[in-house]
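One structure is given below, encoded as structure tokens.
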Amino acid sequence: MGINQSCNNIRLQKDNICNIGHCTQKVKGLSSNSASPTDVWFLTLQPNTKYGDTLVTGDVSLKIYLNPNMKSLELNGKKIPKNNTKELLYETNVYEHVIGPMLEYKINPHFVTFYGSADNCSFAQLFNILEDKTANKINDEIIDNNLLEKLFIRNTIWMGTSKSNRPSINNPSFSRCDPKEIDHVLAKKDLLKYNMIATAKSQETTLYNWFKKHNNKFPDSLAEVAIIQIVSALASLELFECAHNDLHRGNIFVNEFENDKIITYVSNNDFVYSIDSNICVLLYDWDRSYVSCLGQNSANTKSMCKYYSGCNEYVPSRDILKIFVSILRDITDNKYKMGIMSSIFMNGGGMAYFLKNVYSKDDSNILYDKKTETTLSKQWITQNVNPPKIILRNLIYFFNNPHITINNLSGDIYDFSDKNFKQILESVSEGKDISILNFNTKRDKETGTQEYTVKSPKRKSPKRKSPKRKSPKRKSPKPCKDHQYRNPETNRCKNKDKSPKRKSPKRKSPKRKSPKRKSPKRKSPKPCKDHQYRNPETNRCKNKHK
């Protein structure tokens, strides 16, 4: 059976990803230990399916949640869905307007590949993804479609009520489920609407487990490569003023390859370096993120900001500080640790304050300032911590890593310089491409950071040629009035016998002499005391020598 024509390129526009079922061969679900409002499916696509010009060799991950704007359903006196998916809508926008363009325009490769998103997918469209492609977790046999329909409704109820410990779609168990609830929702399945985020499935090795696999050894050449890749990704996010806000070793993937691969990076001031290695880190999980142009994220509450530095503001280098809080704990070589910190901080005073009041051996990836009893402030970070691209350059020189070569242009090239980003924005404003948000950039002279505001693409209106107007022929001048005559030089009328203006003489105000004040006559000096005598030169009293 040949590949479906529409599977030749799954680089779909918004909402068309709902129909990815006809490109799917196999579905495997993921269970959840938390009270998550999402369900996750891993799709194995038909052979030779492409995303743009790239062959999709791995599985696709679907993150599914109920559309918060759908008509709510009554379930035992409760409405579903609960209003707890706004942060997922925010995450969708981050993927569309930041992560997607980051990869499409080859700005930085260290993000999970984004394939598309969807709003208002129907029950039938999503069931088409599962139908005849979902194997039983227990016996690996294809699940009967009638049973599968009820399993999908079961997981829908779990999403809508945010119950904990949701089973995977492949799990046929109905424990902790009310059959009446399933039948009730199944009867109204046509009212259900779903949203989706489609990304590439990673190898599922987190940075935490990868460091553990390498026995958390520092210094280690591959561990340093992973650190440089993470910092380069965070430096690229500065272009979009995007804060991850929840970055730790558990939500960074590390993909390992059989052969080494060369990637070249271009930063500011034409700083170029290449990495030749078999690893590639990928950042993901953007539900607590913040992007200036997207506005506030409801997940970032006041308490989240105060205690966990998950704030609705962009602070350059804050995410870098957060990830290093956890990485530095595994480094036992103090000289090596101080070398890394010197690359991050502008001065020794800021480093000392950080170690005393912020850095802790117990907490992970938080920046709580014990002195001020709140998260480390934007002002303090701006005054004491280097900008992301300066930290990146400092670390590259400090590591002096054999996998990293400076001024070497080879392999795949990714450019996250301000200059390149400006050129991308100019191409957007000219209407050449509208898949990236259009930003208007301003650079703060004091901090060196950039400010971006969303601006709709400029549309060039056709130039209208105004018709040339012929100047009217001058008529003969009007005759002058009786008391006037025409000046032959200016050809203008002028009054006859115009008497010249009399200039009033300037009156000089007499200088007032201030009366001389005679200094009062000095009275005779007071007599000196018994133990004093009068100095004849100064005429002052002075103590007699004892």
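The values are calculated or read from the model by the stated rules, or taken from the named source; none is laboratory data. Here the structure is a predicted model, which is why all the values come from computation and not from measurement. Neighbour counts are summed over all protein chains in view; Cβ atoms, including those assigned to glycine, are modelled from backbone coordinates with ideal geometry.
A few comments on the model shown:
- Unmet requirement for Arg249, which otherwise passes all of (1) among the charged types (D, E, K, R); (2) surrounded by 16 or more Cβ atoms within 10 Å (Cβ to Cβ); (3) out of contact with any Leu (no Cβ under 6 Å at 6 or more places or on another chain): (3)
- Within the range 175-188, the set of residues being assigned to a loop (DSSP other than H, G, I, E, B), at pLDDT 90 or above and not basic (Lys, Arg) comprises Ala187 only.
- Check on Ser162, surrounded by fewer than 20 Cβ atoms within 10 Å (Cβ to Cβ), among the hydroxyl-bearing types (Ser, Thr, Tyr), assigned by TED's automatic domain parsing to the domain that holds Ala35 and under 25 Å from Glu204 (Cα atoms): yes
- Test for Ser221: is it assigned by TED's automatic domain parsing to the domain that holds Phe421, within 24 Å of Gly411 (Cα to Cα), at pLDDT below 95 and touching a helix residue (DSSP H, G or I) at 6+ places or on another chain (Cβ under 9 Å): yes
- Taking first residues from the range 416-427 that are aliphatic (A, V, I, L, M) and partners that are crowded, with 18+ Cβ neighbours inside 10 Å, the Cβ contacts under 7 Å between residues at least 6 apart in sequence or on separate chains come to Ile424/Tyr105; Ile424/Ile436; Leu425/Asn438; Leu425/Phe439.
- Single residue of Met341, Met351 found to be part of a helix (DSSP H, G or I), within 26 Å of Lys217 (Cα to Cα) and in contact with a strand residue (DSSP E or B) (Cβ under 6 Å, 6 or more places away or on another chain): Met351
- When we screen Ile169, Ile182, Ile142, Ile197 for residues that are among the aliphatic types (A, V, I, L, M) and more than 18 Å from Lys28 (Cα to Cα), the only hit is Ile182.
- Selection status of Asn128, surrounded by fewer than 19 Cβ atoms within 10 Å (Cβ to Cβ), in a helix (DSSP H, G or I), of a type in the set (S, T, N, Q) and in the same structural domain as Tyr51 (by TED's automatic domain parsing): yes
- Among all positions in the range 394-414, there is no residue which is in contact (Cβ under 8 Å) with a residue 12 or more places away in the chain, under 25 Å from Tyr307 (Cβ atoms) and either out of contact with any Ser or Thr (no Cβ under 7 Å at 6 or more places or on another chain) or not assigned by TED's automatic domain parsing to the domain that holds Cys311 (or both).
- Scanning the range 344-353 for residues that are in contact (Cβ under 8 Å) with a residue 40 or more places away in the chain and within 22 Å of Asn245 (Cα to Cα), we see that the one that is farthest from the chain's Cα centre (by Cα) is Phe345.
- Complete set of residues in the range 372-417 that are in a loop (DSSP other than H, G, I, E, B) and surrounded by fewer than 18 Cβ atoms within 10 Å (Cβ to Cβ): Thr372, Glu373, Ser377, Asn400, Pro402, Asn407, Asn408, Leu409, Ser410, Gly411
- When Val94 is tested against the conditions (1) modelled with pLDDT under 90; (2) touching a helix residue (DSSP H, G or I) at 6+ places or on another chain (Cβ under 9 Å); (3) not acidic (Asp, Glu), the lone failure is (1).
- Residues that are at pLDDT 90 or above and among the hydroxyl-bearing types (Ser, Thr, Tyr) are absent from the range 72-88 altogether.
- Enumeration of residues in the range 286-304 that are surrounded by fewer than 17 Cβ atoms within 10 Å (Cβ to Cβ) and either in contact (Cβ under 8 Å) with a residue 60 or more places away in the chain or part of a strand (DSSP E or B) (or both): Gly295, Ser298
- Test: residue in the range 353-367 that is at positive phi, buried (at least 20 other Cβ atoms within 10 Å of the Cβ) and out of contact with any Asp or Glu (no Cβ under 7 Å at 6 or more places or on another chain): yes
- Which numbered condition Ile331 fails, given (1) more than 30 Å from Phe114 (Cα to Cα); (2) modelled with pLDDT of 95 or more; (3) in contact with a Pro (Cβ under 9 Å, 6 or more places away or on another chain); (4) of a type in the set (Val, Ile, Thr): (2)
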